[in-house]
Amino acid sequence: MATVDPDDDTIYRWVVRHYRYDSFRRERRHVVVAAFDNPDEFHADIEERAARLRAREDRGDDVDPAEYISGMMRQPGYRRLQRNAHLLKRAIEHGVALTGVEDLDLPSSVGVTRAVRRS
């Protein structure tokens, strides 16, 4: 299986995530465990990891019931779009008016409206 860098924002990549407790951050979260440039390898890896998780449960190992394996496809530019959406969100939370927000590339799930007061 040919793995790729999950942070390589120039390529299509299929990212495998394990939802588990992260002791470093002291929270449950999705931890990226692998990334592939081929969807067939991606699906095979998810099945293999899910089978290992089930085997641990069957053996009676201490497995958090909330743990699971999942994945997603990320397009080129995904990180840039997410960074821009985060920047916009933080600006709104802090009451900062961004100029040129119309030119900012945003994910399709983010919309911007501007209220203008007439004098």
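The values are calculated or read from the model by the stated rules, or taken from the named source; none is laboratory data. Just so we're clear, the structure is a prediction, and the values are computed from it rather than from any experiment. Glycine also receives a Cβ, built like all others from the backbone with ideal geometry; neighbour counts cover every protein chain displayed. Note: accessible area is taken over every heavy atom of the protein model, side chains too, but ligands, DNA and RNA are not part of it. Shrake-Rupley method; radii C 1.70, N 1.55, O 1.52, S 1.80 Å.
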Original post:
Roughly how big is the stretch 8-55's charge dipole about its Cα centre, with Cβ charges of +1 (Lys, Arg) and -1 (Asp, Glu), in debye to the nearest 20?
Top reply: 540 debye
Subject >> Normalised contact order of the chain, rounded percent, pairs of Cα under 8 Å and 6 or more residues apart >> reply: 27 percent
Subject >> Cβ-derived FRET efficiency at R0 30 Å, residue 73 paired with residue 21, nearest 0.05 >> reply: 0.70
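Of the heavy-atom accessible surface of the chain (probe 1.4 angstrom), what whole percent is carbon and sulfur? Mind dumping the intermediate values first?
On the way: 4190 of 8800 Å².
Whole-percent figure for carbon plus sulfur exposure: 48.
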Subject >> R0 of 22 Å, Cβ-Cβ distance residue 99-residue 10: FRET efficiency to nearest 0.05 >> reply: 0.15
Original post:
Extension gain residue 51-residue 112, at 0.36 nm per residue separation less the Cα-Cα distance, in nm?
Top reply: 17.7 nm
Subject >> Rounded to the nearest 20 debye, dipole of the stretch 54-119 from Cβ charges on Lys, Arg, Asp, Glu >> reply: 580 debye
Original post:
Given a 1.4 Å probe, how much area per residue of the chain is accessible, in Å²?
Top reply: 74 Å²
**OP:** Would you work out the charge dipole size for the chain about its Cα centre, treating the Cβ of every Lys and Arg as +1 and the Cβ of every Asp and Glu as -1, and quote it to the nearest 20 debye?
**Re:** 840 debye
Subject >> HN-Hα J in Hz across the stretch 42-47 - Karplus 6.51, -1.76, 1.60, θ = phi - 60°, x for Gly and Pro >> reply: 4, 5, 5, 5, 4, 4
Original post:
Got a number for the accessible area of residue 93? Probe 1.4 Å, square angstrom, nearest 10.
Top reply: 100 Å²
